[in-house]
Amino acid sequence: MSEQQPNPYTSDPAGQGGQPGTPATPGQGDYKWGPGEASYGYPQPYPAPPAYQPTIGGAGIPAPAYNAAAPVGGAALSLGDISIAGDQIITPSGNMPLRGAMWNATDFSRTEEKIPPHAIVLAIIFFLFCLLGLLFLLMKQKTTTGYIQVTVTSGGRHHSTMIPAVDAYTYQWVMSQLNYARSLSI
């Protein structure tokens, strides 16, 4: 739309603004959209908005000077949806440079220990027969639930992913992978 269309909701058939039946004069009742004149001690005019405004995160941030060549071979490391290939970190929100990346992990998992139902049944049955059934109450079952959050920040971008915790040692495994990624980022 290069031409301005008249407002169909005004009573002014010419679309010039102002009161109906009176000619529009500059500076009286006119409204111009935008910042207008510079004021409050700022002599420079406002810069024109860019013609294209992308909607992805990190837009408008100048790209760092690094070699953006395609990585050779497969991924060296993968944590959730974060992968390292060559000198880049590949995420769904875009590629980031590997050099100087900051890696963090947060443990949002928990491990619960409880007596399983079959141990309670066996304890009752064997208590009646041989009085040693209480030893079945020493049986424990561990269940781990939750996630480990892994975040990476590099080149003005930030990405976070959640890795499900399958056992009590998932956090140690993620930290070993993270330490390897940190060693590659130096």
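Structure above, values below:
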| read-out | value |
| --- | --- |
| Count of residues meeting criterion [surrounded by fewer than 16 Cβ atoms within 10 Å (Cβ to Cβ) and among the aliphatic types (A, V, I, L, M)] in the stretch 157-171 | 3 |
| Lone unmet requirement of (1) among the hydrophobic types (A, V, I, L, M, F, W, C); (2) over 20 Å from GLU113 (Cα atoms); (3) surrounded by 14 or more Cβ atoms within 10 Å (Cβ to Cβ) for LEU132 | (3) |
| Yes/no for GLN177 being within 12 Å of LEU79 (Cα to Cα) and either part of a strand (DSSP E or B) or not acidic (Asp, Glu) (or both) | yes |
| Filtered residue count, the stretch 118-148, keeping only those that are assigned to a helix (DSSP H, G or I) and either small (Gly, Ala, Ser) or in contact with a Ser or Thr (Cβ under 8 Å, 6 or more places away or on another chain) (or both) | 3 |
| Residue satisfying all of: in the stretch 60-105; open to solvent by less than 60 Å² (accessible area, probe 1.4 Å), part of a loop (DSSP other than H, G, I, E, B) and at positive phi; modelled with the lowest pLDDT among these | GLY86 |
| Where a residue in the stretch 153-181 is in contact (Cβ under 8 Å) with a residue 60 or more places away in the chain and its partner, wherever it lies, is assigned to a helix (DSSP H, G or I) and not small (Gly, Ala, Ser), with Cβ under 8 Å and at least six apart | ILE163/THR170; ILE163/VAL174 |
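The values are calculated or read from the model by the stated rules, or taken from the named source; none is laboratory data. Remember, predicted model here, so these are calculated numbers, not experimental data. All Cβ positions, glycine included, derive from the backbone under ideal geometry; neighbour counts span all protein chains shown. Accessible surface is based on the protein model in full, side chains and every heavy atom, while ligands, DNA and RNA are left aside. Shrake-Rupley method; radii C 1.70, N 1.55, O 1.52, S 1.80 Å.
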